[in-house]
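A quick write-up on the structure given underneath.
Coordinate-derived values only; no laboratory data. All of these numbers come straight from a predicted model, not from anything done at the bench. Positions of Cβ are backbone-derived with ideal geometry, glycine not excepted, and every protein chain shown enters the neighbour counts.
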Amino acid sequence: MIFAAGLGTRLRPLTNDRPKALVELKGKTLLERVIERMREVQVERLVINIHHFADQVEHFLKEKGDFGMDIVLSDERDELLDTGGGVLKARELFIPGKPVLIHNVDILTDLDLKALVRQHESREAYATLVVQQAVADRVLKFNHGVLKGWENKRTGEQKIVDEGFYGATEFNYCGIQILSPEYLKHIIHQGVFSIIDEHLAQAREHPIELFRHDGRCLDLGTPEAIKEASNFRFSDL
């Protein structure tokens, strides 16, 4: 699944006339870049959620012949559901019994997706979140590789799974994850909600594991980030 329904408010003025997914980086849309990454791991079906300028995404995919893939759209035109609500709405569109790889459309990374999939499958993981060494204020806290909480270092707000929160290692979430069929079946929240809140809720009963990535993982959520990324060597990504 590709999260592509966001309003892209931080990307204005680039998103004044198009969705975030269709903002271009070196002549190629962010959406196409993530689709190419998904093809690397031979996903069987790709679900893309749409909301902001949804018609443009539909037209783009039709023009590209769905990139020769089985692409299904999860339509959030009526209401933007946030990341967790987006997964819940799309749940019936996924291939039954298969894990789901989820990638934010505005993440540019040199992550080895095949290695991520291998770890998730070899461990028969319930859920696997890609993380990096913490530099931003909002952190996920893992103890022995298992999610124990969330904290906003700037405000002091904490969301604690259990006592393993104390003394846990802090990481930043990279916007890429794999969820098992069991995770999808057990989604607790309803309506509009963050997938991070869902992770924290389910972590009380099931292990949510990490995949540490020490390479590049850039949030392309601002015009400044797009400009920075335009200087990268794309042969490395």
Note to self: I'd like the distance separating the alpha-carbon centroids of region 124-185 and region 192-210, in whole Å.
What the structure shows: 8
Notebook entry, point to check: Farthest toward the dipole's positive end in the chain, which of ILE107, MET69, ALA127, given Cβ charges of +1 (Lys, Arg) and -1 (Asp, Glu) about the Cα centre?
Noted result: ILE107
Check: Ratio of Rg to Rh for region 71-121, alpha carbon only, Kirkwood?
Finding: 1.00
Checklist line | Efficiency of FRET from Cβ geometry, GLU124 and VAL192, R₀ 25 Å, rounded to 0.05 | finding: 0.20
Check: What does the helix-only formula give at 222 nm for the chain: each DSSP H stretch with n ≥ 4 adding -39500 (n - 2.57), the total divided by the residues, and the result rounded to the nearest 500 deg cm²/dmol?
Finding: -7000 deg cm²/dmol
Item checked: Charged-residue dipole, Cβ positions (Lys, Arg, Asp, Glu), the chain about Cα centre, Debye nearest 20 -> 380
Note to self: Below 8 Å, C-alpha to C-alpha, sequence gap of six or more: please give me the relative contact order for region 2-230 in percent.
What the structure shows: 24
Notebook entry, point to check: Using the scaling law 2.2 N^0.38 Å as the reference, what is the normalised Cα Rg of the chain?
Noted result: 0.98
Notebook entry, point to check: Residue by residue through region 155-165, which ³J(HN,Hα) values in whole Hz follow from phi under the Karplus form 6.51 cos²θ - 1.76 cosθ + 1.60 (θ = phi - 60°), with glycine and proline marked x?
Noted result: 9, x, 5, 10, 10, 10, 7, 7, 5, x, 4
Next item on the list: Find how much the distance from LYS64 to ASP162 grows on full extension, using 0.36 nm per residue of separation minus their present alpha carbon separation; answer in nm with one decimal.
Entry: 30.5 nm
Checklist line | Virtual spin-label span in nm between GLU182 and GLU36, 7 Å along Cα→Cβ | finding: 3.7
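Please compute the length gained on full extension between ASP137 and LYS98, using 0.36 nm multiplied by the number of residues separating them and subtracting their Cα-Cα distance.
10.7 nm
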Check: Which Cα, out of HIS189, ALA225, PHE94, lies furthest along the positive dipole direction of the chain (beta carbon charges, K/R +1, D/E -1)?
Finding: ALA225
Notebook entry, point to check: Residue by residue through region 19-35, which ³J(HN,Hα) values in whole Hz follow from phi under the Karplus form 6.51 cos²θ - 1.76 cosθ + 1.60 (θ = phi - 60°), with glycine and proline marked x?
Noted result: x, 3, 4, 9, 5, 9, 10, 6, x, 10, 5, 4, 4, 4, 4, 6, 4
Check: What stretch of the chain, leaving out the sites themselves, is the longest with no GluC sites (Glu not before Pro) in a DSSP loop having at most 14 other Cβ atoms within 10 Å?
Finding: 158-204
